[in-house]
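*Asks:* Let me give you the structure first, and then I'll get to my questions.
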Amino acid sequence: MTWAPTRPETPPADLEQRPLPRGRPLLQTNLTTASGIGLGVAMIWFSMLVLIPLCAVLITASEGGWGAFWSTVTHPQTFAAIRLTLLSAAAVTLVNVVMGTLIAWVLVRDRFWGKGALEVLIDLPFALPTLVAGLVLLSLYGKDSPVGLELAYTPASVFLAFLFVTLPFVVRMVQPVLEELEVEVEEAAASLGASRATTFRRVILPALVPAITAGAALSFARGVGEYGSLVLLSGNLPYRSEVASVRILGSIENDNLAGAASVAALLLVISLAVIVVLDAMQRRVADRG
Amino acid sequence: MSIDVRGVNKRFGGFVALDDVNVSIPTGQLTALLGPSGGGKSTLLRIIAGLESADSGSIEIEGTDATQLPPQRRNVGFVFQHYAVFKHLTVARNVSFGMEIRKRPRAEITQRVDELLSLVHLSQFADRLPSQLSGGQRQRMALARALAVQPTVLLLDEPFGALDAKVRKELREWLRRLHDEVQVTTVFVTHDQEEAMEVADEIVVINHGRVEQVGSPDDLYDRPANEFVMSFLGEATTLGGTLFRPHDIEVATSPLAVGGIEGTISRIQRVGFWVRLTVLTDDGEAVAVEMTRSHARELGLAHGQTVWLSPVPRAARVSIAV
C-alpha cells in the first residue's frame, strides 16, 4: 500500500569509509551488517509464517491436477458458497467505504457528547472474539429477534456478520489521515472559489483515497476469510447461507484435503487480485487528482 | 479605498481579538499589518478574506459590501503561512485550480499558468509535486495560485514566517518587485518590523486588537503616535522621562549644552560599525546610546567617564504616560 508517507531515502553514508570485504561478494548489495541481519530475520520470519504455508496450500491444491481443481470449485454447492462469500465481501466493502469514511469524518471533525466512548467502541469488533460476536448477533437478529429482524439462516446473515467484523478497518485507516489534513488547505480552496462539495471532491477525497483503499482491501480480505462470527448466525445451509470457509472445513472433515486446498487457493488468488486492483486504482486516482 | 474595515469587533470566548477596528487600505499599494503575535492582525486579515466572520462591523472591498459574502465570492487571493498546497496536484495544477473552478477555457488556463509560473520563476517545476519543492518555492507557487484568479486584493498571512532568515530576506525583496510589476492591492501580515519597514508602502500597527497607528514607514519611525509604536518599530530608550531612539541622543564630554543630563558610562559595546553605550544618569535611568565608531573615537569615550546627554534637534520622541 502506498498510503504511508514516504520517507526521504538516506544514502548509506558509511559506505565509503568501510573496508570492502575480501573476495567477490555473493550478492552485490549496499546493506550494512546490521541491516543485512535485519533483512534476513525478517525474510525467515515472513517465509515461515506466510510464504511457505501459502506455497503448501497451492501445492496441495495442484496435486490432483487442473481437472480436479476445476471440478472441486465448480461443484454446485462449493460454487454457491464461494459466490455468496465474494458477493457479500464485495458488498460489505462498498458499504464500509462510504460508512467508514463518514464515521471517521464525524470522529475527527465533530464534537459531541460521548465521542470518547464511540472512539473506543469502534474497535470492539476487533477486540471481541468472533464467536462472541456471533452470539451477540444471533441474540439480536436470530429467532424472536428483539429488534424485529429475523436474519438468521438467510444469506443476509452473512452480510450482517461481515459488516460487524469489518467496521473498524476503513474508519481506522481514514481517521489519522483526516486528522493530518490541514484546515488551511480547505480554506485555500474556498478562497479560490471552490464550494464545500467541490472542495470535498477535489481536495479532501484525493487525500483520503489511499487510506480508504487500504481499508477497503483489508475489509474485503477479512470478509473472504471470516468464519467465527457468522457460523452461528448463518446456520450453514448449503446453497443458501453456507460460506467458503465453512465449505473448506467441511472438506477437511471429510478427509478431502485437496478439495479444501483448492477452495483456499482460489480465495487466496482472488483476495490477492482484489488488493492489487485496489492499489492500482488508488494510484490512478491519486495521479489524476 | 480598496478595503474599508468599519467598526469590526471579534471575540474568541473571553479573548478580545479585535476591538472596534477601523482602517482603510488604499488601492494598488502594499500594506503591512504589523504587530506582536496574538495582537489580532491575522484575525483581521481572515475577516477581510471571509475565512472568519466578525461579531459586528462591516467589510467593504472595492466599494461593495462584502460583510455577508462567503470567501468563495469575495474574489480575494489568500496566501497562508504554511503554504496550504494541494499535495496531490502538480505545481501547474495547483496554480490552475481557481481557474478550473471558474470553468475558464483550456487554452486560457494553459497560457495564464505559463505566465504566472514564469513570473514566480517556477516554469521548470510545472510538473513536479509540491513535496519536491523547497519552502520558498512552495510559497511562490501559493502566490501564483492566489494571483491566478485575478483577485481584487491579495492577502498574505505571515507569508515568510515559516522560512529561514536568508530565504525570507530574498523573498521579501522579490515580493516588493513583484508588487511593482503586478500592482494588485496587497495586504500582508507580519510581526517583523524590519520586514514591514522594508517592503510596505503603508503600515498599520495593531496591538491588543486595536489599531495603534497608520502611516508610511518613515511616518511611523519619525513620528510615532505612542510608546508602543515607538518601541515596536526599532530601538527606544528613556532619557529624562521621554522615549528617544538611541541614535538620536548626543553625548558631550563637558557640560556645554543647556539641559544636558549628567551620567556615567557603565558599558561600552562594539557591534561592528556601531558603538553602543549604556549611561547611568544621576536620576537612576539606564540610557542606551548609539553612535558610529569614528564618532566614539573622536570623543575618546571610556568606561566610568562622566558625560552629558541631550537629544538631537528634531529627534523622534514620545512622552511616557504615567
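Each value in this text was obtained by applying a stated rule to the coordinates, not by laboratory testing. Keep in mind it's a predicted model, so treat the numbers as computed, not measured. No Cβ is skipped: glycine too gets one built from the backbone with ideal geometry, and neighbour counts run over all protein chains shown.
*Asks:* Please list the non-local residues whose amide H lies under 5 Å from the amide H of residue A:242, H modeled 1.01 Å from N, same-chain partners needing a gap of 5 or more.
*Replies:* HN-HN under 5 Å from residue A:242: A:237.
*Asks:* Using just the helices of chain B, give the 222 nm mean residue ellipticity in deg cm²/dmol: DSSP H runs with n ≥ 4 each add -39,500 (n - 2.57), and the total is spread over all residues, rounded to 500. Before the final figure, lay out the partial values.
*Replies:* Working: 9 runs with 91 residues, N = 322.
That comes out to -8500 deg cm²/dmol.
*Asks:* Only helical DSSP H runs with n ≥ 4 go in: add -39500 (n - 2.57) per run for chain A, normalise by residue count and round the 222 nm mean residue ellipticity to 500 deg cm²/dmol.
*Replies:* Numbers: 14 runs with 201 residues, N = 289.
Using -39500 (n - 2.57) per qualifying helix, the result is -22500 deg cm²/dmol.
*Asks:* How far apart, in nm, are the 7 Å Cα→Cβ label points at residue A:94 and residue B:201?
*Replies:* In this crude spin-label approximation the distance works out to 5.9 nm.
*Asks:* Moving on. Using DSSP to define loop residues, name the chymotrypsin sites (Phe, Trp or Tyr not before Pro) in region A:79-178 whose beta-carbon has at most 10 other beta-carbon atoms within 10 Å. Let's see the in-between values first.
*Replies:* Details: sites: A:79, A:105, A:112, A:113, A:126, A:141, A:153, A:159, A:162, A:164, A:169; in loops: A:112, A:113, A:153.
Passing both the DSSP loop test and the Cβ count: A:112, A:113.
*Asks:* Explain nothing, just the number: dipole magnitude of the protein assembly as shown about its Cα centre with +1 on each Lys and Arg Cβ and -1 on each Asp and Glu Cβ, in debye rounded to the nearest 20.
*Replies:* Values: 53 positive and 61 negative charges, 402 e Å.
So the dipole magnitude of the protein assembly as shown works out to roughly 1920 debye.
*Asks:* Quick check for you: which residues of region B:190-219 have the amide N under 18 Å from the point 7 Å beyond the Cα of residue B:274 toward its beta carbon?
*Replies:* Counting only backbone N, you get B:192-198, B:218.
*Asks:* Report, in debye and to the nearest 20, how large the dipole of region A:65-288 comes out about its Cα centre when Lys and Arg carry +1 and Asp and Glu carry -1 on their Cβ.
*Replies:* On the way: 15 positive and 17 negative charges, 93 e Å.
I would put it at about 440 debye.
*Asks:* Would you work out which of A:88, A:277, A:181 lies farthest towards the positive end of the dipole of chain A? Charges go on Cβ: Lys and Arg +1, Asp and Glu -1.
*Replies:* Ranked along the dipole, the leading option is A:277.
*Asks:* What does the convex hull of the alpha-carbon atoms of region B:3-228 project to on average, in nm²?
*Replies:* Details: hull surface 50.4 nm².
Across all orientations, region B:3-228 yields a mean hull projection of 12.6 nm².
*Asks:* Simple spin-label model, 7 Å along Cα-to-Cβ: residue B:303 to residue A:147 in nm?
*Replies:* That separation, rounded to one decimal, is 8.4 nm.
*Asks:* Kindly state, to the nearest 0.05, the FRET efficiency for residue B:118 paired with residue A:39, given R0 = 56 Å and r defined as their beta-carbon distance.
*Replies:* Details: r = 47 Å, r/R0 = 0.84.
Working from the Cβ atoms, E equals 0.75.
*Asks:* From zero outward in steps of 10 Å, how is the percent of C-alpha pairs of the protein assembly as shown spread across the bins?
*Replies:* 3, 12, 16, 16, 15, 14, 11, 7, 4, 3, 1, 0
*Asks:* In addition: Along each of its three principal axes, how wide is the spread of alpha-carbon positions in chain A, in whole angstrom units, largest first?
*Replies:* 70, 61, 33
*Asks:* Mean-square fluctuation check for chain B, GNM, Cα pairs under 10 Å: which of B:144, B:32, B:296 is largest?
*Replies:* Between B:144, B:32, B:296, it is B:296 that shows the largest mean-square fluctuation.
*Asks:* Suppose every K and R has +1 on its Cβ and every D and E has -1 on its Cβ; what is the size of the dipole of chain B about the Cα centre, in Debye to the nearest 20? Write out the running numbers ahead of the final one.
*Replies:* Working: 34 positive and 40 negative charges, 281 e Å.
For this selection, approximately 1360 debye.
*Asks:* So, one more: Report the one residue of A:114, A:69, A:128 whose Cα lies farthest in the direction of the positive end of the charge dipole of chain A (charges on C-beta: Lys and Arg +1, Asp and Glu -1; origin at the Cα centre).
*Replies:* A:69
*Asks:* Trypsin sites (Lys or Arg not before Pro) within region A:29-133: which are DSSP loop residues with at most 12 other Cβ atoms inside 10 Å? Intermediate results must be reported in sequence, preceding the final value.
*Replies:* Values: sites: A:83, A:109, A:111, A:115; in loops: A:111.
Those satisfying the criteria are A:111.
*Asks:* Give the residue list of trypsin sites (Lys or Arg not before Pro) in region B:1-107 that are DSSP loop and have at most 12 other beta-carbon atoms within 10 angstrom.
*Replies:* Answer by residue number: B:103.
*Asks:* Give the total of Lys-Lys pairs in the protein assembly as shown with Cα-Cα distances below 29 Å; include a pair only if its members are 8 or more places apart or on different chains.
*Replies:* Numbers: B:10/B:41; B:41/B:87; B:41/B:166; B:41/B:169; B:87/B:103; B:87/B:166; B:87/B:169.
Final tally of qualifying lysine pairs is 7.
*Asks:* Would you work out which of B:311, B:287, B:273 lies farthest towards the positive end of the dipole of region B:269-322, given +1 charges on the beta-carbon of Lys and Arg and -1 on that of Asp and Glu, about the Cα centre?
*Replies:* Result: B:273, furthest along the dipole toward the positive end.
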